[in-house]
Amino acid sequence: VASNMMALREVLKVTTATLRLGSRHLKDVSYKKRSYSSDTLGSVETQALRDVYKDKFLPRTYMDTYGRLFGKIDTFQAEELHRMFQTAEGETLLDVGSGPMIVNALLASSRFKHIVLSDLVENNRLELNKWLKKDEDAIDWTFRAEMIAAIEGYGDVKKGALEILERTRSAIRKLVPCDVLKPGVLPVEHRETFDVIVSSGCLESATADHESFRRVVCNVGTLAKPGGLLILHGAGRVKSYPVGTVDFVHANVTEDVLKQAVTEAGFEMKVFISKEIPKFVESNDEFMFLLSARKV
């Protein structure tokens, strides 16, 4: 563990101070002055972070650690997302940085019948593909589908969950690689524009600093149609988070950084909601956010 952490700090060139999350540690990261190359959308530290995700991110360990962690927060975000999806216009939706999770698709499939999932990490895409093919060892999303069935007003949430799972499989048209640091985000053969772009915790996790975060939001925003909707939800003022033996650096975004990034990307903010994270984190600053903005 110690050697892994030393290697990660060497690659990312950060200094750390300890913050506890349960029995684990979050690292308070302060960065040196960053350098950017002309052919990248992120700092050197952000590019290094991308490589760490490719090599070190373990989807099953992530799910074991965080899958049921947020509880009421998850319900809060699900209810708000449901309202946003129901009032959105158009037919197409892109989930940027899906990870190993299909919650966004489960919620969106009541409204959208053309959904594209995407992720950088091959193992995440393998987990998603297992679920799509109904493999025996796929992650079981029944408990999330039951929560969504309750939100949608099903009298029998178990029956509703089964219907939601099947309609979601039918609505997912593609599962493709993505890289938010590359211009265009998606491979050329899969590149198109969408009525709605949603991303859950990806953009602030994929970047090591505020400037890289702003550049990534602009990059992802190019995939939205004129008048299209950008929906982002995740965690703010988080400096890193552990998955197994590796701490993954986080952009440590604030409300001001989020709002500025969305505006600079050419979107008009429509909804911004923040909610304090419960005190399993020994800090007063972390918050959950959910925002929607329309492309001008």
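Worth pointing out:
- For the residues GLU192, GLU204, the requirement of being out of contact with any strand residue (DSSP E or B) (no Cβ under 6 Å at 6 or more places or on another chain), modelled with pLDDT of 95 or more and part of a loop (DSSP other than H, G, I, E, B) singles out GLU192.
- Residues within the stretch 143-202 that are closer than 24 Å to VAL217 by Cβ, surrounded by 20 or more Cβ atoms within 10 Å (Cβ to Cβ) and of a type in the set (Ser, Thr, Tyr), tallied: 2
- Taken over the stretch 164-189, the criterion of being in a helix (DSSP H, G or I), in contact (Cβ under 8 Å) with a residue 12 or more places away in the chain and among the charged types (D, E, K, R) is satisfied by ARG167, ARG169.
- Evaluated against (1) charged (D, E, K, R); (2) farther than 25 Å from VAL220 by Cβ; (3) part of a loop (DSSP other than H, G, I, E, B), ARG111 falls short on exactly one condition, (2).
- Cross-chain or 6+ apart pairs with Cβ under 7 Å, the stretch 135-156 first and more than 26 Å from ARG60 (Cα to Cα), then part of a helix (DSSP H, G or I): ALA150/VAL157; ILE151/ALA78; ILE151/GLU79; ILE151/HIS82; GLU152/GLY160; TYR154/GLY160
- Within the set ASN124, ASN129, the sole residue that is part of a helix (DSSP H, G or I) and in contact (Cβ under 8 Å) with a residue 60 or more places away in the chain turns out to be ASN124.
- Consider the stretch 269-296 and keep the residues that are part of a loop (DSSP other than H, G, I, E, B) and not aliphatic (A, V, I, L, M). The one that is modelled with the highest pLDDT is GLU286.
- Positions within the stretch 226-245 being in a strand (DSSP E or B) and among the small types (Gly, Ala, Ser), in sequence order: GLY227, GLY228, GLY234, ALA235, GLY236, SER240
- Test: GLY227 is surrounded by fewer than 23 Cβ atoms within 10 Å (Cβ to Cβ) and under 15 Å from the mean Cα position of the chain (by Cα): no
The values are calculated or read from the model by the stated rules, or taken from the named source; none is laboratory data. Note that this is a predicted model, so its numbers are computed, not measured. Quick reminder, even Gly has a Cβ in these numbers, built from the backbone with ideal geometry, and neighbours come from all protein chains shown.
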